[in-house]
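Coordinate-derived values only; no laboratory data. For clarity, every value in this text was computed on a predicted model and none was experimentally measured. FYI the Cβ positions are ideal-geometry reconstructions off the backbone, even for glycines, and counts take in every protein chain you see.
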Amino acid sequence: MNLKYSSILLILHIVFVANFGFAQTNEIKIKFIGNCGLYISDGTTNVYTDFPYKSGAHNYMEFDSAELDSIKENSIFIFTHKHADHYSAKEIKKVIKEKNGRKYGSWNIEELKSLEESIPNFSIQAFKTSHKFSLNHYSYLITWHDKKIFLSGDTESAETISTIENMDWAFIPYWILIDAKENDIEIDTKMYGIYHLATVQIPSAKENWDDLENYQPLIKQGQIIKIAY
Ligand SMILES: [Zn+2]
């Protein structure tokens, strides 16, 4: 076999292995950006929740401007409410102008249903939930490739989440855990992602949850959660 021929074979081999490998890894990847900001993707469709927000708003997490640059074209943006640590009118306007995509929230909550037609194996349920100083706050249950992902947002009460069965991942602020405990409310999830931690809470979050198998405190911006399906 001459060198040229064998190198072609090698390339074919690499391409085959790479593609085959990719087809085998069916997973939803969730990247923690900051606050309640998550980037969720199955490799085909790209969803952002509560991002872009205003970096550093209300003394919550800042993010690197590279996060804005790396937003994918034609993404779906879903917001729980419009407080500045969850939503930036200026940034989302800019992103959609530059990269297309659609944004959803209290202002067009009915339109969310249409995503079920455009995204394969995807459905979303919106729950009107209470939040101080916000008249329009929604929590969401995304079912994607049969995995149930709950996004609590800023709501103070565990009442809504307690009505949902068999979640795979529940993304909640720590105060939902406190509310559930105080009021004897059960949460039916395999995994907890504790988000919206302030910097000062990170040491105690590590202490409380880092060793618990089904709790993942979202401490490190950029950390990734994978859900195989
Ligand atoms: Zn808020």
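Just so you know, the averaged projected area of the alpha carbon convex hull for the chain sits at 15.6 nm².
With a simple spin-label model that places each label point 7 Å from the Cα along the Cα-to-Cβ direction, the separation between E73 and M191 comes to 3.0 nm. Shown in residue order for segment 189-204 are the 3J(HN,Hα) couplings computed by the Karplus curve 6.51 cos²θ - 1.76 cosθ + 1.60 at θ = phi - 60°: 9, 6, 10, 10, x, 8, 10, 6, 7, 7, 3, 5, 8, 4, x, 6 Hz (x for Gly and Pro). Each distinct pair of alpha carbons in segment 19-130 adds a 1/r term; the inverse of their mean, the Kirkwood radius, is 14.8 Å. Positive-end ranking of L141, Y192, Y215 along the dipole of segment 3-228, with charges on Cβ about the Cα centre, is headed by L141.
Taking the Cα centre of segment 3-228 as origin, sum charge times position over the Cβ atoms of Lys and Arg (+1) and Asp and Glu (-1), and report the length of that vector in debye to the nearest 20.
Working: 23 positive and 30 negative charges, 207 e Å.
Dipole size: approximately 1000 debye.
Here the calculated FRET efficiency for S130 and E98, from their Cβ-Cβ distance with R0 = 30 Å, stands at 0.30, rounded to the nearest 0.05.
Ordering I176, H58, I119 by Cα displacement along the dipole of the chain toward the positive end leaves I119 in first place; charges were set at the Cβ atoms of Lys, Arg (+1) and Asp, Glu (-1).
So what's the back-of-envelope 222 nm ellipticity for the chain, counting only DSSP H runs of four-plus at -39500 (n - 2.57) apiece and dividing by all residues, rounded to 500?
Details: 6 runs with 59 residues, N = 229.
Computed mean residue ellipticity for the chain: -7500 deg cm²/dmol.
Think of the chain as having a plus end and a minus end, set by charges on the Cβ of Lys, Arg, Asp and Glu; of I164, T44, I225, T44 sits farthest toward the positive end of this dipole. On C-alpha positions alone, give me the angle between the axis of helix 89-99 and the longest principal axis of the chain, in degrees, nearest 10. Here the helix axis deviates by roughly 20 degrees. Label sites at S118 and T163, each approximated as a point 7 angstrom past Cα along Cα to Cβ, lie 2.8 nm apart.
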